[in-house]
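Below: one structure, written as structure tokens.
No value in this document is a laboratory result; all are computed from the given coordinates. Just so we're clear, the structure is a prediction, and the values are computed from it rather than from any experiment. Note: ideal-geometry Cβ built from the backbone for every residue, glycine included; neighbour counts use all protein chains shown.
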Amino acid sequence: MSGEPPACRLCGSRATRDDGALPDSDYFAGRVLERTLPGGRLWVCTRCGSAFRHPILSQAEYLSLYRSGAPDQWSGGESRRDLRIIRSIVSAARSASVLDVGCGAGDFLATLPAHISKSGIEPSGAAALAGERGIEIVARVLDEDATERCFEAVTAIDVIEHVPDPDAFLARAYARVRPGGILIVSTGDPQAFAWRVLKSRFWYASFPEHVSFPGRAFFEQWCARSGARLKDRHATRYQAPSALRLPLGLAMQGAFFASPAAFNWAGRLVYRPRVPGVRPRRTFSPGIPGTFLDHQIVVIGKPAA
């Protein structure tokens, strides 16, 4: 590609490299779209170790897509390793109040002990489902939360990869943490071995909702600037793979890496709408969570007053 490379969306550095084209997609937040979204390209920052999609849509366009998404698109099942780790961190910290940013239908919050006060932020229709489970929805997005309430633990699980400006997002989330409390971020790890090998054809980068992929150095730099403490970082699989899912996931990743176009052709051949009037998908991504050790859980502490 010609022209000046884009600055890193996470740290602002111009030391970025092009890691290849990302696939176009007509599937977003559990809904088939009328139009196909251009994939753009995957760029990697050599300064902070992060990766990012470029170009991307506007924030208003993304919010509109999320609002019209399927309420049950993101759920936390018992097989999720990251959720078990995060629950143990919250329990060890003896947190009495938790704000889950991007709480979905409240699957994670609902698994916490009854004595913990549970609040959530959610832009999609899943917020209504969370409310029915007794979870207080304080806002659709962090920007709209004008209460300035603080919590002993703030969690952002599978959220920061959806955010165009992770630096500002972390600042807003951290502002909701009480002194002595913790901010927990769970997301993909762009420095995982498989991702570094497969680059823009790595499964996690293929979803159009995913636009920002913070690396470890980004979190270290952010904490140093913000007076926060990077307490811990866990490398983990998204979920525990079964004996069948692991080889299937590897096969799907291999097929997608070899040819996204052929992967789409096979998807159209295999997956056909069973309900009349439902728009068929034209593009497909390998949804294979748990196949690789490719996720990270970052624990950021706020100093006690």
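Annotations
- Under 24 Å from the Cα of K302 - lysines, other chains or at least 8 residues apart: K118, K231
- Any cysteine of the chain lacking a neighbouring Cys Cβ under 4.7 Å - listed by number: C103, C150, C223
- Using just its DSSP H runs of length 4 or more, each adding -39500 (n - 2.57), the chain gives a mean residue ellipticity at 222 nm of -7500 deg cm²/dmol after division by all residues.
- The charge dipole of the stretch 12-305, taken about the Cα centre with unit charges on the Cβ atoms of Lys, Arg (+1) and Asp, Glu (-1), comes to about 620 debye, rounded to the nearest 20.
- Computed over the stretch 259-305, Kirkwood Rh from alpha-carbon pairs, angstrom: 14.6 Å
- Computed over the stretch 23-165, the Cα gyration tensor eigenvalues convert (square root of 5λ each) into semi-axes of 28, 18, 15 Å, ordered from largest to smallest.
- Reference-scaled alpha-carbon Rg (2.2 N^0.38 Å with N residues) for the stretch 191-305: 1.37
- Ranked H295, H234, criterion: other C-beta atoms within 10 Å, fewest first: H234, H295
- Among G131, G106, G69, residue whose mean-square fluctuation peaks in a GNM of the chain (springs only between Cα atoms under 10 Å): G131
- Listed residues S88, S200, S97, most fluctuating in the chain (Gaussian network, C-alpha, under 10 Å): S88
- Those GluC sites (Glu not before Pro) in the stretch 1-101 that DSSP places in a loop and that have at most 11 other beta carbons within 10 Å: E78
- In summary, the convex hull built on the alpha carbon positions of the chain has an orientation-averaged projected area of 16.2 nm².
- Environment charge of G301, counting only residues whose C-beta is closer than 13 Å and scoring Lys/Arg +1, Asp/Glu -1: +3
- For the chain, the antiparallel share of DSSP beta bridges with both residues in that region comes to about 60%.
- Listed from fewest to most Cβ neighbours within 10 Å, the set K231, K199 follows the order K231, K199.
- Placing one equal scatterer on every Cα of the stretch 110-203 and applying the Debye formula, the log10 ratio I(q)/I(0) at q = 0.11 Å⁻¹ is -0.40.
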